[in-house]
Structures are given as C-alpha cells and as structure tokens.
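S.K.: Structure below; questions to follow.
Just so it is clear, none of the values below were taken in a lab; they were calculated from the coordinates. Note that the coordinates shown come from a computational prediction; the quantities given were computed from them, not determined experimentally. All Cβ positions, even for glycine, are placed from backbone atoms using ideal geometry, and neighbour counts span all protein chains on display.
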Amino acid sequence: MRSPKTAFVTGGASGIGRALATALAAKGVAVTVADLVAPDLRGMEHVELDVTSAEAVASAVRAVRQRHGRLDFVFNNAGIAVGGHAEELTLDHWNRAIDVNLRGVVHGVHAAYPIMIEQGYGHIVNTASMAGLVPAPLMLPYTASKHAVVGLSMALRAEAAAHGVRVSVVCPGFIDTPLLDNANPGLPYTETGAQARDAAVMAQGRLYPVESLAADILRGVARNRALIVAPASARLAWRAARLSPSGAIRAAALAIRRVSPPPKRT
C-alpha cells in the first residue's frame, strides 16, 4: 500500500498556515506543522521551529522525509508584519522582516529542493503577499521581503520544471489572521503598525476568511498555478498595477494620506 502524501507547513500554529494544515489533513495528507509554539492541532505531527535557523529547518524537513519516505509539499508560510513610515523604521525592523519573511523561505527551499530533485517530484509553495506585486507603502521591510519571495519563486519554478518539481507563490490580499494584530513583533511599535487591521479593512472593505484562502491555495496547487492571487479584489488590484504602474503608485499615495499622515517632527 502506497504511503499517504506528506506536507510540511511552517507558521502552522495560526492564520493561513493553520488553515492550510487543517485543509490538507482533511484530504488525507500527513501534515507536519512547524511553528515557534506547538499548535493544538490533532492528528498532525508538530515541531517547534524558528525558520531563521537554516540548520533547524533542514533537520525538520529531513525528518519528514525519513519518517514517511517522501516529501510531497513544503509550504514556506511563516511570516511577520512589519510596518511604519519609512522614517520611523530602524535597521532592526528591516533585518527582522528579511530574516523571517525572506530567509525563512530561502531556508525552506534550500532544505526541500534537493530532496525533491532526488525524488523527481514535489511542490514548494511560498507565501508572499499582494505587497509583493503592487506598491505597498507604510510597510517597506515587509514589501521588500515579499517582492523578493515572488522573484525567488518565479525563477525557481523555471529551473525546477526540468527536475519534475513544481513551485508556486501565494499572494493574498488582506486576510483575517492574527498577523494584523501583531505587527512589529518584538520591535519598536510604530503608530502605523498599531493601525494595521484598521488600514486593511479600509483598503479592502472586508477581510477575506482564512479558510477561503486555504481552499484557493490548494485549488491553485492542484492546478499547478505559478502565482496564486486571492481574493478577487486582490486580483483586480494586481491587474490594475500591471496596466498602470504609475497609476498604482498615485493610488497608494492617496491611500497613505487617508490612513496615516506622516508623523510630526518634534
């Protein structure tokens, strides 16, 4: 009897990762959930993991392959929100966003890709953001890291096809997750960062349910989509930005004035 497919999901204790893990398990996939804290998800394997540690990520990914004899899906989903006016941000804000949002993905790819090449199959799914496709001010470290994840994923997809390995990148709009309530974790808490949820609601009208996004992602993965953008409002914004980059920048500038005027100088 063939063993069930396996999935490794980082950032799986809450938000998008948790919804993905739950949806995958419901499809009979053997899921390993990785996060800084062990989640209360039954029927899944758990590992406490800091994705900024390349060695820890590699060890956790290898363990999945060793336990199950295969590695079908790796969801590099762990991420943090970092926001504030550019002049408010310190290098700590920049470094933390890059360490988690970009290096965390790099570590997952570096660990999983050689295994999948050896197998001749597998699917790497990296979570970026609409902030990786359109001008997204007031969160420059986040925006920069997510643009990098999109570029990494598209280029890797072109290489990986020759090995039978698939790569997709997820670019969600504003999703109803704890990420919006925990901007700048462990960092100086800028005024704009504290307004993340209110700004998201103002920009999108309503927050997209995380369960709906998980279904969109798995549908896109099943169809081997290169870029998975959801909800529909996010796809519309993406298309508009592609048609008129300068118009998208003007729209973003107008949104800044509505959401958060620049901090006053003392």
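S.K.: So the label point goes 7 Å from the Cα of residue 223 along Cα→C-beta, right? Which residues of the stretch 143-179 then have their backbone N under 17 Å from it?
M.R.: 167-173
S.K.: Next question, about the same structure. Normalise the Debye intensity by I(0) for the chain, one equal point scatterer per Cα, no solvent, then take log10 at q = 0.12, 0.14, 0.16 Å⁻¹ and round to two decimals.
M.R.: The Cα Debye sum returns log10 ratios of -0.69, -0.93, -1.21.
S.K.: Moving on to the next point. If I fit a long axis through the Cα atoms of helix 210-222 and take the longest principal axis of the Cα atoms of the chain, what angle between them do I get, 0 to 90°, rounded to 10?
M.R.: For 210-222 against the chain, the angle is about 50 degrees.
S.K.: Once fully extended, how much extra length lies between residue 119 and residue 62, figured as 0.36 nm per residue of separation less the alpha-carbon to alpha-carbon distance?
M.R.: Details: separation 57, 0.36 × 57 = 20.52 nm, distance 1.30 nm.
That pair, residue 119 and residue 62, stretches by 19.2 nm at full extension.
S.K.: Still on this structure, please answer the following. How many nm is it between the label spots at residue 99 and residue 257, if each spot is 7 Å from the Cα in line with the beta carbon?
M.R.: 3.8
S.K.: Helix-only estimate, please: 222 nm mean residue ellipticity of the chain, summing -39500 (n - 2.57) across DSSP H runs of length 4 or more and dividing by its residues, to the nearest 500. Don't skip to the answer; put the middle values down first.
M.R.: On the way: 10 runs with 124 residues, N = 266.
It comes out at -14500 deg cm²/dmol, rounded to the nearest 500.
S.K.: Then there's this: Filter the chymotrypsin sites (Phe, Trp or Tyr not before Pro) in the stretch 74-154 to those in DSSP coil with at most 16 other Cβ atoms within 10 Å of their Cβ, and list the result. Don't skip to the answer; put the middle values down first.
M.R.: On the way: sites: 75, 94, 121, 142; in loops: 121.
Filter output for the stretch 74-154: 121.
S.K.: Assuming a ≥ b ≥ c are the square roots of the Cα gyration tensor eigenvalues, decide whether the stretch 1-105 counts as rounded (a/c under 1.5), prolate (otherwise, with a/b larger than b/c) or oblate.
M.R.: Working: a/c = 2.92, a/b = 2.03, b/c = 1.44.
Verdict is prolate for the stretch 1-105.
S.K.: Where in the chain is the longest stretch that carries no trypsin sites (Lys or Arg not before Pro) classed as loop by DSSP and with at most 13 other Cβ atoms within 10 Å? Walk me through the intermediate numbers first.
M.R.: Details: sites that count: 2, 27, 42, 206, 223, 264, 265.
It works out to 43-205.
S.K.: Something else now. What FRET efficiency comes out for residue 53 versus residue 163 if R0 is 22 angstrom and r is the Cβ-Cβ distance? Round to the nearest 0.05. Working shown, then result.
M.R.: On the way: r = 26 Å, r/R0 = 1.19.
Working from the Cβ atoms, E equals 0.25.
S.K.: Excluding residue 36 itself, calculate the net charge of residues whose Cβ lies under 10 Å from the Cβ of residue 36, where each Lys or Arg counts +1 and each Asp or Glu counts -1. Don't jump to the answer; show the numbers that get you there.
M.R.: Details: positive: none; negative: 35, 48, 50.
Result for the local shell: -3.
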